[in-house]
1. Listed here are the pairs K132/K299; K78/K207; K55/K93; K114/K141; K114/K275; which of them are more than 24 Å apart at the Cα?
2. Fully extended, how many nm does the chain gain between I33 and K207 (0.36 nm per residue separation, minus their Cα-Cα distance)?
3. Counting other C-beta atoms within 10 Å, and keeping those with at most 14, which DSSP coil trypsin sites (Lys or Arg not before Pro) do you find in the range 45-141?
4. Taking 41 Å as R0, compute the FRET efficiency from the Cβ-Cβ separation of S253 and E2 and round it to 0.05.
5. If you place +1 on the Cβ of every Lys and Arg and -1 on the Cβ of every Asp and Glu, how big does the dipole about the Cα centre of the range 271-316 come out, in debye to the nearest 20?
6. Calculate, in whole percent, how much of the Cα-Cα pair population of the range 101-169 lies beyond 14 Å.
7. Between D41 and D123, what FRET efficiency comes out of the Förster formula 1/(1 + (r/R0)^6) with R0 = 45 Å and r the beta carbon distance, rounded to 0.05?
8. What is the sum of charges, Lys and Arg at +1 and Asp and Glu at -1, for the other residues whose Cβ falls under 12 Å from the Cβ of G206?
Amino acid sequence: MEKSNTIFIAGHRGLVGSAVLKTLENQGFKKIITVNRKKLDLKNYQKVEKFFKKKKIDYMIMAAARAGGIIANSTNQKDFFLENIEIQNSLLKLALKKKIKRTIFLGTSCIYPKFAKTPIEEDSLLTGKLEKTNQSYAIAKIAGIKLSEALYEDYNLDIVCLMPTNVYGPNDRFDKLNGHVIPAMITKFIEAKKRKSKKIKLLGTGKPIREFIHSEDLAEAIVKCLTVTKKILKTKFNNKLPIINVGTGETISIINLSKLISNLVNFRGKILFDKNSPDGTFKKNLNSGKIYSLGWRPKIKLNIGLKKIINKKFIK
């Protein structure tokens, strides 16, 4: 891969895509294609094909997706399923038509069974039942992996599938109802502090164990997998589609996460949990040995990453 290559980032304004764009620019890549979703509906292959008809793409990063927290996932199952399926199908068909040199498919740790042995290895895929609260999103992503596998095996199309653990970062959706756990929790604590509330109620029991990765660390992992040679990948993955977990190895319970965020925003009220709300999978930390063997390691500790986000977005 050369700095003169053209790279298309689908979803460049999102949590992960914006971090990837920044990372590529910092590394000297200048030919980067981005497009606003208002200008191009990635779900519509005919429009995507027309938009890229006369454009050259050497590499593609699929960071565009419909994503959200446990409430958003469980109450909008149809949208999470269809939108992700349609975006993936459209972009993977484009990769085949344009004979793109390498495509990075971005999945999720939600693809693994609810009761998979932890730390979860990539081989756990399709070995058990999924967590009900986000199964539509997970099944859509699994379908994307299987389409990638078909293109890899039938057409020798170079695709790398990355399965990141829970992602957080400064460009997240800070929605206390539909956001992921970290941005939703931060927003709730900030609002409670402004109201001078004496208590705050969070979803679930607080017992589940989670692993989080900063979007900038994930972006570095994506670029690493974009630039590693085909020979290395074929050797490490025995000529099979590379499916690679991306985690930090740092785990924390939701209750301890809430205490950490509470301290960072200086909220002094009591933390309560709504035990009638769903917890999701109890524990889903990843075995990330494969990405580590390629030379990538996370750099941002959770407490440091959270502090930077809170200070940048909320502390004036």
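The values are calculated or read from the model by the stated rules, or taken from the named source; none is laboratory data. Remember, it's a predicted structure, so these values are computed and weren't measured experimentally. Neighbour counts are summed over all protein chains in view; Cβ atoms, including those assigned to glycine, are modelled from backbone coordinates with ideal geometry. The protein model used for the area step is the full one, side chains on, heavy atoms only, and it has no ligands, DNA or RNA in it. Shrake-Rupley method; radii C 1.70, N 1.55, O 1.52, S 1.80 Å.
1. Numbers: K132/K299 33 Å; K78/K207 29 Å; K55/K93 15 Å; K114/K141 15 Å; K114/K275 19 Å.
In this structure, K132/K299; K78/K207 exceed 24 Å between Cα atoms.
2. Values: separation 174, 0.36 × 174 = 62.64 nm, distance 4.25 nm.
Extra length available between I33 and K207 comes to 58.4 nm.
3. Details: sites: K47, K50, K53, K54, K55, K56, R66, K78, K93, K97, K98, K99, K101, R102, K114, K117, K129, K132, K141; in loops: K53, K54, K55, K56, R66, K98, K99, K101, K114, K117, K129.
Those that pass, being in a loop and sparsely packed, are K53, K54, K55, K56, K99, K117, K129.
4. Working: r = 45 Å, r/R0 = 1.10.
That gives a FRET efficiency of 0.35.
5. Numbers: 12 positive and 2 negative charges, 75 e Å.
So the dipole magnitude of the range 271-316 works out to roughly 360 debye.
6. On the way: 1415 of 2346 pairs.
Within the range 101-169, distances greater than 14 Å cover 60 percent of Cα pairs.
7. Values: r = 36 Å, r/R0 = 0.79.
E between D123 and D41, to the nearest 0.05, is 0.80.
8. Details: positive: K201, K207, R210, K259, K275; negative: D274, D279.
So the environment of G206 carries a net charge of +3.
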